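Novice: Structure below; questions to follow.
Coordinate-derived values only; no laboratory data. Values in this document were obtained by computation on a predicted structure and should not be read as measured data. Because the Cβ atoms are built from the backbone with ideal geometry, glycine has one as well, and the counts that use them run over all protein chains shown.
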Amino acid sequence: MPGTISIGNEGMTQHYEPIAQLDTVVFSKLLDRDPEQIKKLISSCEKDGFFYLDISDQYSAKMLKTFEELSSTMKQWFAQPTEVKLKEFAISMASHGYKPIGSQAGTHGGRDGWEVLKTGRFELEGRWGLPKVVEDNYESFSTFQSQCHYITHVLLDRISNALGMRGAQSLNNFHRNNSPSKNYGTLTLVFAPQWGLQVFSPENKGNPSLEWEFVEPRPGCAIVNVADVLRFLTNDRLKSAVHRVLPLPDVDRYSTTYFLRPNDDLDFTDGDGNMTNVLDWYDRKNNMYEAPSNAQDRSLLVGGLYKQL
């Protein structure tokens, strides 16, 4: 089942069911290497592949304020006519520029229904080819992206140490700061203040009554999910849950996502048991997104997870 969105009298009340029961990890305590929070972090990654990250502490207040300011700016930008936004058309489908609605395959033979403005960290640091809205708000974009990068690297460090992956095997060694990388990640940090995100938990595989579950928006929290490469690098110990986003009735939905990227030349064994690297995997996966839905290879689109469902 896809889940249920129930709208009450005159559309004033909406109920989203069922709701995913995800753990909450407190970032400020992770910074202090709190054993209980590290234990919860690993458990969440092993069980669900998704968790809430509480960033409501006083030191994260500036980040949340910057996020609110950028959200307001970007809502105005997306409200412009499409022909205006197309002036910032994606330089590549990888990590930089504007992707309009309908440029990728959607469900049931249709096209996708989402648009996005991507800003690559490498391009932002070099101030190269930046969309005007990013250039005009450079300090806010740069600060927010640096904060996201810091948070995801702290998470990666705590995960790596807890799994005994230290020294040359540390997960942080697979993420060079000076390497421009593509649209494929190890951890994803999501700011989604509206309903619509759903998760298909790996823990529920084989359950005939399995349903998609809504991820409840929570003030002061980001959502973190384990991406496919991190699952591969940990030999499937950490889970990468299949997820999707449903449109909201009669309202635009906005979210902000930061992808932590591994090195393009990082080798790993994919979900089909084949040796590949990040760049090759990305190219094949992106080509499938561009292909008609009936030609798409599910093993690429969901990282091989179809074998587990």
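Novice: First select every other residue whose beta carbon is under 9 angstrom from the beta carbon of Q21; then total the charges, Lys and Arg +1, Asp and Glu -1.
Specialist: Neighbour charge sum, excluding Q21 itself: -3.
Novice: How much length is gained if the chain between S28 and D157 is pulled fully straight, taking 0.36 nm per residue apart and subtracting their Cα-Cα distance, in nm to one decimal?
Specialist: Gain on extension, S28 to D157, equals 45.0 nm.
Novice: Near K62, which aspartates and glutamates are there with a Cα under 17 Å away, not counting those fewer than 8 places off in the same chain?
Specialist: List returned: D54, E139.
Novice: With Cβ to Cβ distances under 13 Å as the rule, what net charge do the other residues near T152 carry (K, R +1; D, E -1)?
Specialist: +2
Novice: Still on this model: Within the stretch 222-243, whose backbone N sits under 19 Å from a point 7 Å along Cα→Cβ of L279?
Specialist: 229
Novice: Karplus couplings for the stretch 46-52 from phi (6.51 cos²θ - 1.76 cosθ + 1.60, θ = phi - 60°), rounded to Hz, Gly and Pro as x?
Specialist: 6, 8, 10, x, 9, 7, 7
Novice: Give a residue-ordered list of calculated ³J(HN,Hα) values for the stretch 211-223 (Karplus: 6.51 cos²θ - 1.76 cosθ + 1.60, θ = phi - 60°; whole Hz; x for Gly, Pro).
Specialist: 10, 5, 10, 6, 9, 6, x, 10, x, x, 10, 9, 10
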